[in-house]
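Only one structure is covered here, and it is reproduced in the block below.
The values are calculated or read from the model by the stated rules, or taken from the named source; none is laboratory data. Here the structure is a predicted model, which means the values were calculated and not measured. Glycine also receives a Cβ, built like all others from the backbone with ideal geometry; neighbour counts cover every protein chain displayed. Ligands, DNA and RNA are stripped out before the accessible areas are found, and what is left, the full protein with its side chains, is counted by its heavy atoms. Shrake-Rupley method; radii C 1.70, N 1.55, O 1.52, S 1.80 Å.
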Amino acid sequence: MAWKVTVWNEFLHEKTNQKVIEIYPQGIHRAIADGISRHGRFEVRTATLEEPEHGLTEEVLNHTDVLIWWGHRAHHQVEDAIVNRVHQRVLEGMGLIVLHSGHFSKIFKKLMGTSCDLKWREATDKERLWVVDPAHPIAEGLGQYIELPGEEMYGEHFDIPAPDELVFVSWFTGGEVFRSGCTYHRGQGKIFYFRPGHETYPTYHNDEVLKVIANAVEWAAPRRGARPVYGNHKPIEQLP
Ligand code: ZN
């Protein structure tokens, strides 16, 4: 089954910052969409902030198994009605993969219930993402770590609820560490936060990073299992 994936990107840095334009001439969303398609059979579409309803209409979300989210500068411009719509779909079972600076997005903060704050530094640290859960499906096909020659640093403390599973821990040249691959369940939905991806580095051209995102799509996609039933319920057995 080809999962239906929507890659959402605010798509602003790629129009104004020359360095970012050179790395991602068609936008981060296009790099991710093309990149994950090399690692799996997905039906991928993209959506951006400036499209009507940010490209996340009822129609689009109802036909999305997994939503990937990249945002940074314009979290506050994402309309609450759309955030609520995405939130509802996650609770119903849509997978959500939040990337890098998406830690401060309205949707991630709403799902976590904490500030999601962290330390950061833009100084081209080397990042080594250690796989700390080698049997996890999101780590399938990787070695013991992924090394990125230059990235923005994110450091602990990261103000998130304790993850259900921790798949990666990052080390940075400056000495900090960070929980860089975290899974959560909210309602029927599965959520994966994945740290790397600052816009001025070619991180979403790195094949191992793309492999992780593709693995995460497979992991987060809704399995149509037992349908939950709520509310007043007649007994199944005869009551005494
Ligand atoms: Zn960044």
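Side notes on the structure shown:
- Look at the dipole of region 90-240 built from charges on Cβ: of N232, V169, N206, the Cα furthest out on the positive end belongs to N232.
- Other residues with beta-carbon under 11 Å from the beta-carbon of N215 carry, at +1 per Lys or Arg and -1 per Asp or Glu, a net charge of -2.
- Rg/Rh for region 1-82, where both radii come from Cα atoms and Rh is the Kirkwood radius: 0.98
- Close amide H pairs (under 5 Å, H built 1.01 Å from N) link W3 with E43, residues at least 5 positions away or on another chain.
- Of the accessible area of region 1-110, computed with a 1.4 Å probe over protein heavy atoms only, carbon and sulfur atoms account for 47 percent.
- Rounded to the nearest 20 debye, dipole of region 53-154 from Cβ charges on Lys, Arg, Asp, Glu: 300
- Accessible area per residue for region 94-231 is 41 Å², calculated with a 1.4 Å probe on protein heavy atoms, without ligands, DNA or RNA.
- Summed residue charge, Cβ within 11 Å of T124's Cβ, Lys/Arg positive, Asp/Glu negative: -3
- Qualifying GluC sites (Glu not before Pro) in region 154-229, DSSP loop, other Cβ atoms within 10 Å at most 13: E156
- In this Cβ point-charge picture (+1 for Lys and Arg, -1 for Asp and Glu), region 183-240 has a dipole of about 340 debye about its Cα centre.
- Pair-distance distribution of the chain: all C-alpha pairs, bin width 5 Å, starting at 0; shares per bin in whole percent are 1, 6, 14, 19, 20, 18, 10, 5, 2, 2, 1, 1, 0, 0, 0.
- Annotation: peptides 46-58, 4-16, ranked by per-residue average of other Cβ atoms within 10 Å with the highest first, follow the order 4-16, 46-58.
- About the Cα centre, charge dipole magnitude for the chain (Lys/Arg +1, Asp/Glu -1 at Cβ), debye: 520
- Across region 115-240, the fraction of Cα-Cα pairs farther apart than 25 Å, rounded to a whole number, is 34%.
- Total lysine pairs under 24 Å (Cα atoms) in the chain, excluding pairs fewer than 8 apart on one chain: 15
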